[in-house]
Amino acid sequence: MIDTVHVPLDGRAYDVRIGSDLLARAGAEIAPLLKRPRVAIVTDAHVAGLHLAPLERALSAEGIASVSLTLPAGEATKSWPHFERTVEWLLEEKIERRDIIIALGGGVIGDLVGFAAAVLRRGVRFVQIPTSLLAQVDSSVGGKTGINAPQGKNLIGAFHQPSLVLADISVLNSLPDRDFLAGYGEVVKYGLLGDATFFDWQEAQADRIKARDPEALAHAVRRSVEMKADIVVRDETEQGDRALLNLGHTFCHAFEAATGYSDRLLHGEGVAIGCALAFELSSRLGLCAQEDPSRARALLSEMGMKVTLGDIDGELPGAQALLDLMGQDKKVIDGRLRFILARGIGEAFVTSDVPPDTVLTLLQDALSDR
Ligand code: GLY
């Protein structure tokens, strides 16, 4: 069964299709968008080994010719040199304004290819085929595209919505446990930020999710995408509500910087730890019940995910250094940190009204548990 979540953005509406074995149907799904039967696929070396040939077969079964570019796997690809290579390759392949580019991969490929599509000939349509859980529930939907700068992550980019997203649940079976669970950090985030019923469901279904039961996974992806679509339609360019999607991210970005953006901490792992800390902070500020951060931590532990700073291997800087790193966050306005806090599970809100001393003590306590 295939579910559809429609993203009703004025003039740029699109569908997110969610289901098993969607890759094999990619030709039929994409054909209605095409003005001529030819597409360009951009992927990475790891994903290409697993999913490029099946995608090419699915396209060719519908009479769609394809050319492909395979970039190196990893975060370092989200950079000017690979971006330049991608744009120039698309021009060499004579990809025209009316054509479709396919991003086949995780968040790195989706962000880079979306940005290339945004600027190529002043804007070409693109289709996201996200192959990681994180990309399926977050980065492939909503039109944030871009690359990293030496000065920081995601600092160069554009809003450019895809024309279609194909989230194939079956490809999640090929993910290593660590990547799968890191992606699940973003799913937990959605329940915590805006849907207590979804959080209850995650508690009840933890065993099925861990076993990657396709029906449970499809529900987790669909509900996450519905919530993201709803927020993106309210606030496409993050003037307000879209910041809610950054629950846990102010902490996460500091921990990612402190660990050198290395595989000591994957982004989704930092989000999970950050969500637990955002709820602990909310509880210390008297905004939510003490039980709420305990429930958040219990679910993350039950899933086998990272929960505390003690779960990060190796040295970390002190609390003040971490707080300083939080000050580099993109959400800082006039030097004041903006936090996503919560009045309860499913009730997040954005505020700049957080005493730095409370955050410092929280970080000191979190570090002393290591
Ligand atoms: N990943 C956060 C957003 O799309 O706004």
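The values are calculated or read from the model by the stated rules, or taken from the named source; none is laboratory data. Not measured: the values here are computed from a predicted model. All Cβ positions, glycine included, derive from the backbone under ideal geometry; neighbour counts span all protein chains shown. Accessible surface is based on the protein model in full, side chains and every heavy atom, while ligands, DNA and RNA are left aside. Shrake-Rupley method; radii C 1.70, N 1.55, O 1.52, S 1.80 Å.
Among the residues of segment 152-202, those that are within 28 Å of Leu33 (Cα to Cα), within 14 Å of the ligand (Cβ to nearest atom) and in a strand (DSSP E or B) comprise Gly157, Ala158, Phe159, Val165.
Residues in segment 55-73 that are open to solvent by 50 Å² or more (accessible area, probe 1.4 Å) and either under 14 Å from Ala24 (Cβ atoms) or part of a strand (DSSP E or B) (or both): 7 in all.
Tell me which residues, restricted to segment 318-350, are part of a loop (DSSP other than H, G, I, E, B), at pLDDT 95 or above and either crowded, with 17+ Cβ neighbours inside 10 Å or of a type in the set (D, E, K, R) (or both). I'd like the intermediate steps shown before the answer.
Step one: filter segment 318-350 for residues part of a loop (DSSP other than H, G, I, E, B), giving 318, 327-332, 334-335, 337-338, 343-347.
Remaining after also requiring at pLDDT 95 or above: 318, 343-347.
Matches in segment 318-350: Arg343, Ile345, Gly346, Glu347.
Within segment 203-253, if we keep just the residues that are outside any helix (DSSP H, G or I) and of a type in the set (Gly, Ala, Ser), the residue that is farthest from the ligand (Cβ to nearest atom) turns out to be Ala211. Every residue in segment 6-48 that is in contact with a helix residue (DSSP H, G or I) (Cβ under 8 Å, 6 or more places away or on another chain), part of a strand (DSSP E or B) and open to solvent by 10 Å² or more (accessible area, probe 1.4 Å), please. Matches in segment 6-48: His6, Arg17, Asp44.
Pick from Ser163, Ser170, Ser224: which is in contact with a Pro (Cβ under 8 Å, 6 or more places away or on another chain), under 30 Å from Arg12 (Cα atoms) and not aliphatic (A, V, I, L, M)? It would help to see each step written out before you state the result.
On the way: Ser163 fails: in contact with a Pro (Cβ under 8 Å, 6 or more places away or on another chain); Ser224 fails: in contact with a Pro (Cβ under 8 Å, 6 or more places away or on another chain).
Checking each option against the conditions leaves just Ser170.
Can you name the residue in segment 167-191 that is within 19 Å of Val5 (Cα to Cα) and among the small types (Gly, Ala, Ser) and, of all such residues, is nearest to the chain's Cα centre (by Cα)? Per the stated criteria, the residue is Ala167. For segment 223-232, a tally of residues being open to solvent by less than 60 Å² (accessible area, probe 1.4 Å) and in contact with a strand residue (DSSP E or B) (Cβ under 7 Å, 6 or more places away or on another chain) returns 3.
Go through the residues of segment 158-172 one by one and say whether even a single one is under 25 Å from Gln328 (Cβ atoms), surrounded by fewer than 24 Cβ atoms within 10 Å (Cβ to Cβ) and touching a residue at least 60 places away in the same chain (Cβ under 8 Å). Don't jump to the end; show me each part of the working.
Quick first cut of segment 158-172, residues under 25 Å from Gln328 (Cβ atoms) only: 158-159.
Those left that are additionally surrounded by fewer than 24 Cβ atoms within 10 Å (Cβ to Cβ): 158-159.
Filter once more, keeping what is touching a residue at least 60 places away in the same chain (Cβ under 8 Å): 159.
Among the residues of segment 158-172, at least one is under 25 Å from Gln328 (Cβ atoms), surrounded by fewer than 24 Cβ atoms within 10 Å (Cβ to Cβ) and touching a residue at least 60 places away in the same chain (Cβ under 8 Å), which makes the answer yes.
Close Cβ contacts (under 9 Å, 6 or more residues apart or on different chains) running from residues in segment 251-280 that are more than 14 Å from Leu300 (Cα to Cα) and among the β-branched types (Val, Ile, Thr) to residues that are part of a helix (DSSP H, G or I) and at pLDDT 95 or above comprise Thr259/Gly270. Scanning segment 105-151 for residues that are modelled with pLDDT of 95 or more, away from the ligand (no atom under 13 Å from the Cβ) and of a type in the set (Gly, Ala, Ser) yields a total of 7. Restricting to segment 282-298, name every residue that is in a helix (DSSP H, G or I) and either crowded, with 24+ Cβ neighbours inside 10 Å or of a type in the set (Gly, Ala, Ser) (or both). Those that are in a helix (DSSP H, G or I) and either crowded, with 24+ Cβ neighbours inside 10 Å or of a type in the set (Gly, Ala, Ser) (or both): Ser282, Ser283, Ser294, Ala296, Ala298.
Within segment 347-365, residues that are within 29 Å of Asp200 (Cβ to Cβ) sit with their Cβ atoms under 7 Å from residues that are assigned to a helix (DSSP H, G or I) and acidic (Asp, Glu), at 6+ positions apart or across chains, in these pairs: Leu362/Glu280.
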